[in-house]
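Each reported figure results from applying straightforward, stated rules to the coordinates on display, with no laboratory input. Computed from a predicted model, the values in this text were never measured in an experiment. No Cβ is skipped: glycine too gets one built from the backbone with ideal geometry, and neighbour counts run over all protein chains shown.
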Amino acid sequence: MTIEQGGQQVPGIAVIGCGRISRSHLAAVATQPELATLVAAVDSDMSLATQAKQRYGAQHALDDVDAALARSDVEAVILCLPNHLHASVAIKAARAGKHVLVEKPMADTADQAHAMADAAREAGVVLAVAQCRRHFRAIRYLADHASDFGKLISAQVSLGVYWPDAQAPWWRDADKASGLVVALNGPHVLDFVQMVMQDDPLRVHAEAVRRNAFWAGEDEAMMLLAYPQGRIASVHLSFNQQPVENRKVLVYERGTAVVDNDTHLTFNGETLVAQGDDERRHYLDEAVEFQRQFREFALAIAGKPNRSVSAAEGIRLMRTLDAVHRAFRSGQSVETGDATQSMEPLDAVP
């Protein structure tokens, strides 16, 4: 059911999970009333739901997911839950007829991602994955002008941040935090690599270790991925790096592109896209890339062309993440061809 807002019909949104990442999603809805109405803030901790309602002007604060999904004025949901809850709640939401934007990673495994996509397809609803970093101007420019640079030869990506302690209680739970830095920051960097390579890897090698007792999962990781046509990518992830680093180096036939902080793009030393003044906020602080991301989701709900990360792309990324986890746990390179061929064709996935 759509809601009349300013003389036009817009979808009603419930944000489910009012923890650390929810602020930017809540603000993205609240600051764009021409796109949607924030119907409900939902969290099992009613105090968090109430705080979100008050700060972002939601119509309701709820502590029950089922109650939110039962509302006729909620047409779509944004899932900001711990990773291990993504699949079950996304499937429940789809079966309730709600469009879903799910925070990355899409799920814990590719099998779960497939189940989510199946539920969305059967219900005829949109399932999109929140990959906020795709919505910086520099990243969009790179995606739109890839042919200008010639054939891509290699990619080197480093995302190093510093956390002095666990940022959520579930980070301390061994069953939920396995491969922590890979699960949390891996989707960002591997989604970028997937975007520029436009292929799935043939082979993955990875190492991941835990250096701190603050959390129950690994906090340092490196991986090497081999792609068709002799292309390769290296990825470094860290929760221990000071100062922080977010750098992407792409070697093309015609030169080298460098992206710093996702916002500044150079090619052979020439600036193609500079960081905008509106792109300076931290991603947890009502950042503009979340506004752009939500606008694309609203377009997807309306059946219009959009830049949302589709369920099919999300499944491909989960396959790669599965391979990375197998590689660092086994200490051996993982050939991905057989696993990829065993999956159902992705052209059937919305």
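Report the antiparallel proportion of the DSSP beta bridges in segment 1-140 as a percent, rounded to a multiple of 5.
Roughly 15 percent of the DSSP beta bridges within segment 1-140 come out antiparallel.
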Ala226-Asp175 FRET efficiency (beta carbon distance; Förster radius 45 Å; 0.05 resolution): 0.90
For segment 2-133: relative contact order, % (alpha-carbon pairs under 8 angstrom, 6 or more apart): 21 percent
Sequence of Ser47, Ser147 once ranked by neighbouring C-beta atoms within 10 Å, starting from the fewest: Ser147, Ser47
Listed residue (Leu237, Leu184, Ala166) projecting farthest to the positive dipole end of segment 136-267, Cβ model: Leu237
Whole-Å distance, taken between Cα centres, linking segment 305-333 and segment 141-195: 11 Å
Kirkwood hydrodynamic radius (C-alpha pairs) into Stokes-Einstein, segment 182-299, 37 °C and 0.692 mPa s, D in µm²/s: 199 µm²/s
Rg and Dmax [Cα atoms of segment 2-133; Å; Rg one decimal, Dmax integer]: 13.7, 43
Environment charge at Val273 (Cβ cut-off 9 Å; Lys +1, Arg +1, Asp -1, Glu -1): +2
Magnitude of the charge dipole, the chain, Cβ model with Lys/Arg +1 and Asp/Glu -1, debye to 20: 280 debye
Cα-based shape type of segment 269-316, given that a ≥ b ≥ c are square roots of the gyration tensor eigenvalues and the cut on a/c is 1.5: prolate
Dipole in debye (nearest 20) - segment 2-133, about Cα centre, beta carbon charges: Lys, Arg +1; Asp, Glu -1: 320 debye
Relative exposure of Asp175, Asp278, judged by other C-beta atoms within 10 Å (fewest first): Asp175, Asp278
Label-zone membership for segment 130-146, site Ala274, 7 angstrom Cα→C-beta point, backbone N under 19 Å: 136-142
Fewest-first sequence of Arg295, Arg140 by Cβ atoms within 10 Å of each Cβ: Arg140, Arg295
Farthest positive-ward along the chain dipole, Cα basis, beta-carbon charges - from Gly255, Ala40, Val77: Gly255
Reachable aspartates and glutamates, given that their alpha-carbon falls under 15 Å from the alpha-carbon of Lys248 and they are not under 8 places away in the same chain: Asp191, Asp260, Asp262
